[in-house]
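Below is one structure, written out as structure tokens; the observations come after it.
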Amino acid sequence: MLLVSTLFVAWLSEFSVTSVESARAQLGVTEVFIGVIVVAIIGNAAEHSTAVWMAIKDKMDLSLGIAIGSSLQIALFVAPVLVFTSWFMGHPMDLEFTIPEVAAVIVAVFIVAEISKDGRTNWLEGVQLLSVYLILAILFYFLPGGH
């Protein structure tokens, strides 16, 4: 059953990539925007829904742990593994980032640290976080594509 599920997920992933590539071409958005905004939302939908569900149940520690843990997993595990795997597959990939990409990560880390340092939250802080995400989405939408 696990093998069948894995094959099905792989097929869906390939279908999603094809759909996103054609949508990107038709809409004229950059690969950076698709990767940073669209794929991040779609790819982490399970984590997002679980974090929101835990927040609704007033389990903010768990909700924050899920949200931050998901980002850490991508940054500290998945990205380096993809770089090493790309070398073995003959298509070397690097972790070279543009200044706006690095600035976005720094701003995101700073904002999350500031919001979570007192151990309490409210709706206004949630709106502020969504506003920062919207600002970053606008930045990456208008950022020229490619390195």
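Data for the structure
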{"read-out": "Accessible carbon and sulfur surface of the chain relative to its total accessible area, %, 1.4 Å", "value": "74"}
{"read-out": "Which label in (1) 14.7, 46; (2) 21.3, 87; (3) 17.2, 49 gives the computed Rg and Dmax of the Cα atoms in Å", "value": "(3)"}
{"read-out": "Accessible area (Å², per residue) of region 40-115, counting only protein heavy atoms and a probe of 1.4 Å", "value": "74"}
{"read-out": "Val105/Ser16 FRET efficiency (R0 22 Å; Cβ-Cβ; nearest 0.05)", "value": "0.35"}
{"read-out": "Rounded accessible area of Phe142 (nearest 10 Å², 1.4 Å probe)", "value": "150"}
{"read-out": "Only Lys, Arg (+1) and Asp, Glu (-1) charged, at Cβ; region 33-147 dipole about Cα centre in debye", "value": "200"}
{"read-out": "Length released on extending from Ala75 to Asp118, taking residue separation times 0.36 nm less the Cα-Cα span", "value": "13.0 nm"}
{"read-out": "Gain in span if fully extended, Leu134 to Val52, counting 0.36 nm per residue against the direct Cα distance", "value": "27.7 nm"}
{"read-out": "Top positive-direction residue, dipole computed over the chain with Cβ charges, set Gln26, Phe88, Thr121", "value": "Thr121"}
{"read-out": "Value of [θ]222 nm, deg cm²/dmol, for the chain, DSSP H segments ≥ 4, -39500 (n - 2.57) each, nearest 500", "value": "-23500 deg cm²/dmol"}
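The values are calculated or read from the model by the stated rules, or taken from the named source; none is laboratory data. No experiment lies behind these values; they were computed from the predicted model shown. We place every Cβ from the backbone using ideal geometry, glycine too, and count neighbours over all the protein chains shown. Only protein heavy atoms, including side chains, enter the accessible area calculation; ligands, DNA and RNA are left aside. Shrake-Rupley method; radii C 1.70, N 1.55, O 1.52, S 1.80 Å.
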